[in-house]
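Data block below; observations after.
The values are calculated or read from the model by the stated rules, or taken from the named source; none is laboratory data. Source: prediction; values computed, not measured. Neighbour counts run over all protein chains shown; Cβ positions are idealised from the backbone, glycine included. The area values use the complete protein model at the heavy-atom level, side chains included, leaving out ligands, DNA and RNA. Shrake-Rupley method; radii C 1.70, N 1.55, O 1.52, S 1.80 Å.
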Amino acid sequence: MTTWRLIIHNTCAPSWNMAVDSAILRLTKIPTLRLYRWSKPAITIGYFQDIEKEVHIELCKKDDIPVIRRLTGGGAVFHHEELTYSLVHPLQGPFGKSSITHSYALIAQPLIHALRSMGVDAQYRPINDIIVGNRKISGNAQTRKEGKLLQHGTILVATDTEKMLQYLTIDPKKIKQEGNPVITLSEIVKGLSKESMFEQLIKAVTSSFKELFAVNFEEADITLQENDMAIELERSYFSNEQWNCRRLSP
């Protein structure tokens, strides 16, 4: 069995969440799984996206919804009352010969296993979604740098999906025709408080990664070096309008 570092953070500021993931990617030498929440609603957009095409930017400004450009690709994501995971792993071991597409499917398995342990009939939908029925409960994004991959993604717990659809540029006619494209854990799992759902989900995700990837976890926090780098990355990039709107070179 290999040993991974496990980091569990409660609610953190949106720009700090992205900065910490990026600092871990740059600095860690050991596989690291981080589970975290968000202190306020926010939107992240993929590295290559045009912010004006993905979100209603003026409404976001009016409602104090930060919009942050990720290092990873993928689409725009509204973050609110969700559990987010990030995995940083060297491109060796289970990921040594994995394409991005294959690694999406591989990393989806413990998330699916965790959701099923809570009574949710979750399925993988290529290339990077986990669905219940035909509605998304988890979206995922990845980048690869310096011989490592960073993949992070959401598991919607008690997200206000109506609010989500207000801020993202999704065609209202499509929603009317096809229905709400996302679903939350709280819509499926009854009889648990929101905090109990978070607690059970964190335990289930941790246990599933441990079982399916045959790892031992050592729980820790980010290092002082990672913390210092995260402070600089947050200042220079993830809270910087030039980065978020126009994509400075990282």
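Confirm whether K53 is assigned to a helix (DSSP H, G or I), open to solvent by 40 Å² or more (accessible area, probe 1.4 Å) and either of a type in the set (K, R) or at pLDDT 95 or above (or both). Don't jump to the end; show me each part of the working.
Details: assigned to a helix (DSSP H, G or I): yes; open to solvent by 40 Å² or more (accessible area, probe 1.4 Å): yes; either of a type in the set (K, R) or at pLDDT 95 or above (or both): yes.
Criteria met by K53.
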Of the residues in the range 134-155, those that are modelled with pLDDT of 95 or more, open to solvent by less than 60 Å² (accessible area, probe 1.4 Å) and over 17 Å from M18 (Cβ atoms) come to I137, S138, I155
Leading residue by the ranking (surrounded by the fewest Cβ atoms within 10 Å (Cβ to Cβ)) among those in the range 156-165 that are of a type in the set (A, V, I, L, M) and touching a residue at least 24 places away in the same chain (Cβ under 8 Å): A158
Kindly indicate whether R37 is basic (K, R), in a strand (DSSP E or B) and either open to solvent by 10 Å² or more (accessible area, probe 1.4 Å) or farther than 16 Å from M164 by Cα (or both). yes
Contact list, first residue from the range 166-191 and at positive phi, second anywhere and part of a strand (DSSP E or B) and at pLDDT 95 or above, beta-carbon distance below 9 Å, six or more apart or interchain, is G179/R135
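Rundown of residues vs (1) out of contact with any Lys or Arg (no Cβ under 7 Å at 6 or more places or on another chain); (2) closer than 25 Å to K148 by Cα; (3) not small (G, A, S), yes/no style:
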{"site": "L33", "(1), (2), (3)": "yes, yes, yes"}
{"site": "G46", "(1), (2), (3)": "no, yes, no"}
{"site": "E54", "(1), (2), (3)": "yes, no, yes"}
{"site": "D64", "(1), (2), (3)": "yes, no, yes"}
{"site": "R69", "(1), (2), (3)": "no, yes, yes"}
{"site": "F78", "(1), (2), (3)": "yes, no, yes"}
{"site": "L83", "(1), (2), (3)": "no, yes, yes"}
Could you grab the pairs with beta carbons closer than 6 Å, sequence gap of 6+ or different chains, first residue in the range 218-247 and within 14 Å of D21 (Cα to Cα), second one among the aromatic types (F, W, Y)? E234/W16; Y237/W243
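Mind listing whichever residues of the range 138-165 are in contact with a helix residue (DSSP H, G or I) (Cβ under 7 Å, 6 or more places away or on another chain) and either hydroxyl-bearing (S, T, Y) or more than 20 Å from Y47 (Cα to Cα) (or both)? Walk me through how you get there before you give the answer.
So the first thing to find is which residues in the range 138-165 are in contact with a helix residue (DSSP H, G or I) (Cβ under 7 Å, 6 or more places away or on another chain), and the list is 138, 140, 142, 145, 148-152, 155-158, 165.
Listed by number, the residues that qualify are S138, I155, L156, V157, A158, L165.
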Could you go through the range 58-67 and let me know if any residue there is open to solvent by less than 20 Å² (accessible area, probe 1.4 Å), part of a strand (DSSP E or B) and over 29 Å from I222 (Cα atoms). no
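Sort out which residues of the range 193-207 are surrounded by 15 or more Cβ atoms within 10 Å (Cβ to Cβ), out of contact with any Lys or Arg (no Cβ under 8 Å at 6 or more places or on another chain) and under 19 Å from D160 (Cβ atoms), and write them in order of number. Steps first, please.
Here is the first cut: in the range 193-207, the ones surrounded by 15 or more Cβ atoms within 10 Å (Cβ to Cβ) are 197-198, 200-202, 204-207.
Add one more test, that the residue is out of contact with any Lys or Arg (no Cβ under 8 Å at 6 or more places or on another chain), and what stays is 197, 200-202, 204-207.
Listed by number, the residues that qualify are M197, L201.
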Among the residues of the range 39-66, how many are within 18 Å of Y237 (Cα to Cα) and either within 15 Å of the chain's Cα centre (by Cα) or among the small types (G, A, S) (or both)? 6
